[in-house]
Amino acid sequence: MTANPDSIAGEGPARPVSVCSPGSVIAALGARTGTRGRSVSAAALLQRRLERERLRELIAEAEAEHGPVGQAAVDAKRALLRGDVTDAAEEA
């Protein structure tokens, strides 16, 4: 079964799976979440990973079609997202 890359990660009912991971990773996850929170935390981490990978793919597609974004535009949008904007930065 091939997943649709545009589908929303996290849709549908949860299914049990088995994942192998180093013991230190499991211990660190358990220390942060408690034993009962491991599954929810692991699912959230995997969902975030999938979202980031899809975002990278979309950026690559947009850059292939429109060319790379200039650093000045990136800096202006970063300032906008952080709330560090002036009138000049909002126009970029």
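Observations on the model:
- When every residue of the range 20-31 is checked against the conditions, at least one turns out to be within 20 Å of the chain's Cα centre (by Cα) and either part of a helix (DSSP H, G or I) or modelled with pLDDT of 90 or more (or both).
- Looking across the range 4-19 at every residue that is surrounded by 10 or more Cβ atoms within 10 Å (Cβ to Cβ) and not aliphatic (A, V, I, L, M), the one that is modelled with the highest pLDDT is identified as G10.
- Enumeration of residues in the range 34-83 that are assigned to a loop (DSSP other than H, G, I, E, B) and within 30 Å of P16 (Cβ to Cβ): G34
- Pair list, Cβ < 9 Å and 6+ apart or interchain, from the range 26-49 residues that are free of Cβ contacts under 8 Å to residues at least 60 places away in the same chain and closer than 17 Å to G12 by Cβ to residues that are assigned to a helix (DSSP H, G or I) and of a type outside the set (S, T, N, Q): A42/L29
The values are calculated or read from the model by the stated rules, or taken from the named source; none is laboratory data. Quantities reported herein were computed from a predicted structural model and do not represent experimental measurements. Here Cβ is always computed from backbone atoms with ideal geometry, including for glycine, and neighbour counts include all displayed protein chains.
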